[in-house]
1. Picking from 92, 54, which residue would you name as being in contact with a strand residue (DSSP E or B) (Cβ under 8 Å, 6 or more places away or on another chain) and open to solvent by less than 50 Å² (accessible area, probe 1.4 Å)?
2. Filter segment 187-223 down to the residues that are of a type in the set (Val, Ile, Thr) and surrounded by 21 or more Cβ atoms within 10 Å (Cβ to Cβ), then identify the one that is farthest from residue 148 (Cα to Cα).
3. Considering only segment 61-83, I want to know if a residue exists there that is open to solvent by 20 Å² or more (accessible area, probe 1.4 Å), of a type in the set (A, V, I, L, M, F, W, C) and out of contact with any Leu (no Cβ under 7 Å at 6 or more places or on another chain).
4. Among the residues of segment 187-232, which ones are in contact with a Gly (Cβ under 8 Å, 6 or more places away or on another chain) and assigned to a loop (DSSP other than H, G, I, E, B)?
5. Taking the stated definitions as given, is residue 226 of a type in the set (Asp, Glu) and surrounded by 14 or more Cβ atoms within 10 Å (Cβ to Cβ)?
6. If residue 4 passes every condition in (1) modelled with pLDDT under 85; (2) surrounded by 14 or more Cβ atoms within 10 Å (Cβ to Cβ) but one, which one does it miss?
7. Looking only at residues that are in contact (Cβ under 8 Å) with a residue 12 or more places away in the chain and among the acidic types (Asp, Glu) in segment 193-232, which one is nearest to residue 64 (Cα to Cα)?
Amino acid sequence: ASVPASAAEVTPVLDAVRLLGHAAQAARSDPSAPPRPDQFVYARSVGQGAPDREVWKSVDGTRDGLLHNHDGGPVVLPGCLNGRSVVVRGTEPVPGPTQPCRPAPGYLADLPTDVDGMLAHLDANASGGEERSVNARGKDVPALVNEVMLPPLSRAALYEAAARVPGLSVVPDARDGSGRPGVGITWPVPPGSSPEARPVVLVFDPETYELLGSDFHAITELAVVDAAGQRP
């Protein structure tokens, strides 16, 4: 007997490459327009046993953003304009002095949009200089989508690049850092690691293939707003 379409849509994907392929396809179908340079990327997240965290990052990295960990007050995130930023002491900027800086944009508009270009980018910026390392990929892929936005084609290329890592496996009953259920992928633990070492699990929505976060961290909201401190 044929399977009803509704049942087929929720059948879990148990192959890591196929899962990432679906996530790439979903990213490519995202119709969102790029944000304006004067806007901010708002991200709300939660980690296991940690307070909620909100961050507002300047889309182009030139304007002052804001970080609010809910166990403390808000902290200014200095923007970088013409290679200089304000100096922050404690939580507030200090009038007068500036320091050298590089912009840290909240919208990564310049990332590659093809898988080979994305792999080259990951290698050029590999954690600890571990080029082509499975361990570096396991750190760098989730880091690249944490509290920032990528253009849809770059997001798709990142998932397709992750799919080329050998030894990927699926975690069918994964949960993100907030406890939301999903389907996960994980990388092998590097040889010689501590017996207590646990691989990071990236958790995707099993129906939309949207990235929910990881097993220790959850992205509960990601949006574009017009000002630091504004919520969607």
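1. None of the other options fit; the residue is 54.
2. For segment 187-223, the residue satisfying everything is 201.
3. Checked against the condition, which is being open to solvent by 20 Å² or more (accessible area, probe 1.4 Å), of a type in the set (A, V, I, L, M, F, W, C) and out of contact with any Leu (no Cβ under 7 Å at 6 or more places or on another chain), segment 61-83 yields at least one hit.
4. Within segment 187-232, 187, 188, 199, 200, 205, 206, 215, 216, 228 meet the criteria.
5. Criteria not met by residue 226.
6. With (1) modelled with pLDDT under 85; (2) surrounded by 14 or more Cβ atoms within 10 Å (Cβ to Cβ) applied to residue 4, the lone miss is (2).
7. Top of the filtered list is 226.
The values are calculated or read from the model by the stated rules, or taken from the named source; none is laboratory data. Since the model is a prediction, treat every value here as computed from it, not as a measurement. Every residue, glycine among them, receives a Cβ derived from its backbone with ideal geometry; neighbour counts consider all protein chains shown. Please note that ligands, DNA and RNA were not included when accessible areas were found on the heavy atoms of the full protein model with its side chains. Shrake-Rupley method; radii C 1.70, N 1.55, O 1.52, S 1.80 Å.
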